[in-house]
1. Under 7 Å between Cβ atoms, which residue pairs at least 6 apart in sequence (or on different chains) link something in the stretch 12-36 that is in contact (Cβ under 8 Å) with a residue 60 or more places away in the chain and more than 22 Å from VAL52 (Cβ to Cβ) with a partner that is surrounded by 10 or more Cβ atoms within 10 Å (Cβ to Cβ) and among the small types (Gly, Ala, Ser)?
2. On the given criteria, is GLU95 in a loop (DSSP other than H, G, I, E, B), surrounded by fewer than 17 Cβ atoms within 10 Å (Cβ to Cβ) and within 12 Å of the chain's Cα centre (by Cα)?
3. Those residues that are over 12 Å from GLN64 (Cα atoms) and assigned to a loop (DSSP other than H, G, I, E, B), I need them from the stretch 113-135; list them, please.
4. Out of all the residues in the stretch 78-92, which are surrounded by 13 or more Cβ atoms within 10 Å (Cβ to Cβ) and of a type outside the set (Val, Ile, Thr)?
5. Counting only residues that are surrounded by 13 or more Cβ atoms within 10 Å (Cβ to Cβ), part of a strand (DSSP E or B) and of a type in the set (A, V, I, L, M, F, W, C), how many does the stretch 27-77 have?
6. Here are TYR114, TYR125: which of them is surrounded by 16 or more Cβ atoms within 10 Å (Cβ to Cβ) and either of a type outside the set (A, V, I, L, M) or more than 18 Å from the chain's Cα centre (by Cα) (or both)?
Amino acid sequence: MAYNGYLLSMGGTVFPTKYIFRETYEHTTHVQDLDSTVNNKGVLQRNVLDHVRYTVKFDTPPLQAEDYKAMWAFIRGKYISRLRRELHLTFYDEETDDYISAKFYLAEFTHSYYHLDTRTGKGLYNSQTLEFISY
């Protein structure tokens with residue numbers, strides 16, 4: 001399956017691209033080794049595991065408070081476990097020209113606002129980095 005018009009989806013629903021600052025979007029495939037060694041000639045002998053882990057990371061653009069709250073409502077609504085911040089995420093992988101799906105957790109993050117009117121709750125939130133890491 002080739003690119004189908006979206007970068008990622010959460011819980012089967014496309015994540016709106018307006019919440020992604022595209023220039024910062026990246027994903028990494030983590031091939032895992034177990035007890036790999038170097039022989040007496042200096043050649044690496046890899047013992048690669050079948051299980052591959054992924055990281056999807058991007059910054060949000062600065063968002064108005066109502067958009068920021070809507071983005072978080074979207075993400076929270078896709079949690080399998082709110083405590084662990086777990087969700088099913090699907091992302092497009094250029095290496096395989098296909099979408100990859102796995103269970104991820106949302107890494108720690110910091111909320112930061114540029115200006116927030118504490119009386120009305122309206123304002124502008126700074127860009128925020130979101131990083132999703134698969135199991």
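1. Pairs found: PHE21/SER127.
2. On the way: in a loop (DSSP other than H, G, I, E, B): yes; surrounded by fewer than 17 Cβ atoms within 10 Å (Cβ to Cβ): yes; within 12 Å of the chain's Cα centre (by Cα): no.
Here the answer is no, as GLU95 does not meet what is asked.
3. Residues of the stretch 113-135 over 12 Å from GLN64 (Cα atoms): 118-120, 128-135.
THR118, ARG119, THR120, GLN128, TYR135 - these are the residues of the stretch 113-135 that are over 12 Å from GLN64 (Cα atoms) and assigned to a loop (DSSP other than H, G, I, E, B).
4. We begin by selecting, within the stretch 78-92, every residue surrounded by 13 or more Cβ atoms within 10 Å (Cβ to Cβ); these are 78-80, 85-92.
Answer for the stretch 78-92, where residues must be surrounded by 13 or more Cβ atoms within 10 Å (Cβ to Cβ) and of a type outside the set (Val, Ile, Thr): LYS78, TYR79, ARG85, GLU86, LEU87, HIS88, LEU89, PHE91, TYR92.
5. Residues in the stretch 27-77 being surrounded by 13 or more Cβ atoms within 10 Å (Cβ to Cβ), part of a strand (DSSP E or B) and of a type in the set (A, V, I, L, M, F, W, C): 4 in total.
6. Working: TYR114 fails: surrounded by 16 or more Cβ atoms within 10 Å (Cβ to Cβ).
Result of the check over TYR114, TYR125: TYR125.
Coordinate-derived values only; no laboratory data. All values reported here derive from a predicted model rather than from experimental measurement. In this analysis, Cβ positions are derived from the backbone assuming ideal geometry, glycine residues included, and neighbour counts consider all displayed protein chains.
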